[in-house]
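Structure, as structure tokens:
The values are calculated or read from the model by the stated rules, or taken from the named source; none is laboratory data. Model, not experiment: these values are computed from the prediction. When we count neighbours, we look across all protein chains shown, and the Cβ atoms used for this are built from the backbone with ideal geometry, even at glycine.
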């Protein structure tokens, strides 16, 4: 698998790991939940921002409508 592709969705992950700019990569300011990392088949590819956002959205508790 290419290190430039997200292992979950196969789209470009835009990660700069392994480059001179790796400390400036978007992923360095993010926290990746263990539950999401457990879904990655190999640890050589970074999860993309879209998959991280999608996971967080799905993990949010559903707010139920309560009439007054």
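Assorted remarks:
- Filtered residues of the range 8-35 (kept if without any contact (Cβ under 8 Å) to a residue 12 or more places away in the chain and not in a loop (DSSP other than H, G, I, E, B)): 22, 23, 24, 28, 29, 34
- When restricted to residues that are farther than 24 Å from residue 54 by Cβ and modelled with pLDDT of 85 or more, the range 10-20 contains 1.
- Per-region count, the range 1-29, residues exposed (fewer than 13 other Cβ atoms within 10 Å of the Cβ) and touching a helix residue (DSSP H, G or I) at 6+ places or on another chain (Cβ under 6 Å): 0
- With respect to the conditions (1) loosely packed, with under 13 Cβ neighbours inside 10 Å; (2) closer than 19 Å to residue 59 by Cα; (3) touching a residue at least 12 places away in the same chain (Cβ under 8 Å), residue 38 falls short on a single one, namely (3).
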